[in-house]
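Enquirer: My structure is below; once you've seen it, I'll send some questions.
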Amino acid sequence: MSSIRAVRGVRDILPSEARRWQRVEAAARQTFEAYGYDEIRLPLFERTELFARGIGDETDIVKKEMYSFDDRSGESLTLRPEATASLMRAYIEHGLQVLPKPIKLYTMGPMFRYERPQAGRYRQFHQLDVEALGEPHPALDAEVIAMLLDFFGGLGLADRLELHVNSIGDPRTRSAYTALLVAYLEPLKAQLCGQCRERLARNPLRVLDCKVPECQPVIERAPSILDSLPPEAREHFETVRAGLDAMAIAYTVDPRLVRGLDYYVRTTFELKTKDLGAQDAVAGGGRYDGLIKQLGGPPDPGIGFAVGIERVVLLLAQAEDSAFVQRGPRVALIPLGEAALRRLLPVARSARRQGLSLELGYGARKLPRELERANRLGVRWAVIVGDNELAKDEAVLREMVSGEQRRLPLGRLVDELRTLGQAPAHGEEGR
Ligand code: AMP
C-alpha cells in the first residue's frame, strides 16, 4: 500500500528545526512583553465575510488565495490568511476598546494561503503578529518599528535586514494618486507583464510591487505616492521619521512600498533581506486607521506588523556557526539489568522534577550499546549502575568526552548532577 504524504506547500517542523522555532518564539515574547504587549490567541478559521471585508475584495489574498469551504451547516468559513482581521474582530466582539490605550497585543501561529509553493513560500506558514490599537500618534509608529528591530536584534539578525518605510496617505487622496498612476501606466501597458496588466484594471497600486524585470523600467519612472500626500499625512510621516532618527534607526524611504492589503493608510514598512533569494520580505506592516470601523467597531486607529517565522528560522540557520550543538539531554542514566532499573526509576523522576534533562535506559542492553546511544544523543554525563554498584548503593559517573569515571553514592546523585548541570557543555560556551 502506498503511504500518504503531506499536502503540497505544507511542511512538518522536525525536532532538529523545532529548537530554532522555540528560540524565535521566546525572543518574540521577551521583546514584545518588554514593550508592554499582551498575548491574544485567536481561532484558525473565521467567517469568510470577515476577510472579504477586512482585507479587501480586490486583493490577491481574497481573490485567489483563501482556503474557503462550506461547513456542514452551509456556512462559508475560511482558514485565516493573516491575523489582523481576526484580531480586530476579537477586539470589537469583546469590547477591548475600554482598556487603556494604546491596547497592545501580539499573537503567533499558522496562516493559510493558496500560493505557488517555493523555497520560503508555503501554503501553511507561520506569523508573529503584533497590533497596537487606539493611538494615532506617529511616535507609536516609530516605537512599533523599533520593537520589530529589537526582536531581530535579540536573535543576532539585525545586520541582515534592511528597513524600508513609506507613507501611502489615506483612502481619499490615494484615489487621486491611483488615477495619476493609471494615467501614467495605461499608455505603457504593452511593456508590463500579464499580471500587471490585470492589476492595472483591478488594483493598480499593486503594479508598484511587481518583481518581474520587464516591468521595472516602467515602475521606476512612475509618479511617487509621496508627492501626492495631503499635509496631515506628510506631517505624520515626517514625525515617524524623526522618531526613527532619534533612535538612530537606519531606513530607506521606498515610495513603491504599497503592501498587498487594502487596509493600510499612512505608514507602511517592511524588513527585507538579501539572504533569502526571491522571498526577500521577512516582515511587513503599517497603519490601518479605518479598519476597525469598517468591521463594525469604534473608529479606533491601529498599527501593526507580521513577521514570517519560516523566513526568520531560515536566516537563523544561516547565521548559526558550525560549532552549534543541538541541546539534547545532558545526562543518560544507564541501569544494567532489571533491579538497577527499578532503583533508577525514582532517581530519574526526582531529577527531572528538579528540572534536569535526562534519558533513562531500560536495563536490557549491554553497556557498550548504551554508551553508543548516549554518544549519539550528545549527552555529557552517563550514570552507570550495575549489580556491583547496586550492592553498595552507588553509581559510576562518566564524563562522556574524556571517558573519566568516578563513583558516588546514589543518594547524592541528583545533587551532584544539579551542580554539574550549571556548567556549560561543549559547544555551548558563551551561548
Ligand atoms: P503579509 O501578511 O503578506 O504582509 O506577510 C507578512 C510576512 O509573512 C512576509 O513578510 C513573509 O515573511 C511572511 N509570509 C507571507 N506569505 C508567506 C508564505 N506564503 N509563506 C511563508 N511566509 C510568508
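Enquirer: Per residue, how large is the accessible surface of segment 70-207? Use a 1.4 angstrom probe and give square angstrom.
Expert: Here the residues of segment 70-207 average 41 Å² of exposed surface.
Enquirer: Determine the dipole magnitude for segment 67-162: charges of +1 sit on the beta-carbon of Lys and Arg, -1 on that of Asp and Glu, nothing else is charged, the reference point is the Cα centre, and the result goes in debye to the nearest 20.
Expert: The calculation lands at about 320 debye.
Enquirer: Within segment 224-326, list the trypsin sites (Lys or Arg not before Pro) lying in a DSSP loop whose Cβ has at most 13 other Cβ atoms in a 10 Å radius.
Expert: LYS274
Enquirer: Same structure again: Would you kindly give the portion of the calculated P(r) for segment 279-360 that falls above 15 Å, as a percent of all Cα pairs?
Expert: 75
Enquirer: In addition: Taking the Cα centre of the chain as the origin, how large is its charge dipole in debye, to the nearest 20, when only Lys and Arg (+1) and Asp and Glu (-1) carry charge on their Cβ atoms?
Expert: Dipole size: approximately 1460 debye.
Enquirer: By how many degrees, 0 to 90 and rounded to 10, does the Cα axis of helix 309-319 deviate from the longest principal axis of the chain?
Expert: The angle comes out at about 60 degrees.
Enquirer: Moving to a separate point now. Contact order normalised by length for the chain, with contacts defined as Cα pairs under 8 Å and 6 or more residues apart; what percent is it?
Expert: Once divided by the residue count of the chain, the mean separation gives 14 percent.
Enquirer: Could you please report the charge total around TYR91, scoring K, R as +1 and D, E as -1 over all other residues with beta-carbon less than 12 angstrom from its beta-carbon?
Expert: +1
Enquirer: Moving on to the next point. How many nm is it between the label spots at VAL396 and ASP38, if each spot is 7 Å from the Cα in line with the beta carbon?
Expert: The modelled label-to-label distance comes out at 5.7 nm.
Enquirer: Give the Cα extents of segment 151-272 along the principal axes, in whole Å, largest first.
Expert: Taking max minus min along each principal axis of the Cα atoms, segment 151-272 gives 46, 33, 23 Å.
Enquirer: Now, a different point. Once the Cα gyration tensor of segment 83-209 is diagonalised, what are the square roots of 5 times its eigenvalues, in whole Å and ordered largest first, as equivalent ellipsoid semi-axes?
Expert: The three semi-axes for segment 83-209 are 31, 22, 18 Å.
Enquirer: Show me the trypsin sites (Lys or Arg not before Pro) within segment 130-233 that DSSP assigns to loop and that have at most 12 other Cβ atoms within 10 Å of their Cβ.
Expert: LYS211, ARG221
Enquirer: Using a Gaussian network model of the chain with C-alpha springs under 10 Å, which one of ASP300, ASP60, ASP387 is most mobile by mean-square fluctuation?
Expert: Evaluated over the chain, the most mobile residue of the options is ASP387.
Enquirer: Could you run the Debye sum over the Cα atoms of the chain, one equal point scatterer each and no solvent, and tell me log10 of I(q)/I(0) at q = 0.09, 0.12, 0.13 Å⁻¹, two decimals?
Expert: Log-scaled intensity ratios, in q order: -0.70, -1.01, -1.12.
Enquirer: Let me ask you something else. If segment 44-142 were replaced by its equivalent ellipsoid, with semi-axes equal to the square roots of 5 times the Cα gyration tensor eigenvalues, what would those be, largest first, whole Å?
Expert: 26, 18, 12
Enquirer: Quick check: at a probe of 1.4 Å, how many percent of the accessible area of segment 349-393 sits on carbon and sulfur atoms?
Expert: 43
Enquirer: On a 26 Å Cα-Cα criterion, which of the cross-link pairs LYS101/LYS272; LYS189/LYS274; LYS63/LYS293 come out too long?
Expert: LYS101/LYS272; LYS189/LYS274
Enquirer: Could you please state, rounded to a whole Å, how far the C-alpha centre of segment 273-321 is from the C-alpha centre of segment 191-239?
Expert: The two parts, judged by their Cα centres, are 20 Å apart.
The values are calculated or read from the model by the stated rules, or taken from the named source; none is laboratory data. Bear in mind that the values here come from a model prediction, so they are computed numbers and not experimental data. Positions of Cβ are generated from backbone atoms using ideal geometry, with glycine treated the same way; all protein chains shown enter the neighbour counts. In case anyone asks, the SASA skips ligands and DNA or RNA and just uses the protein heavy atoms, side chains included. Shrake-Rupley method; radii C 1.70, N 1.55, O 1.52, S 1.80 Å.
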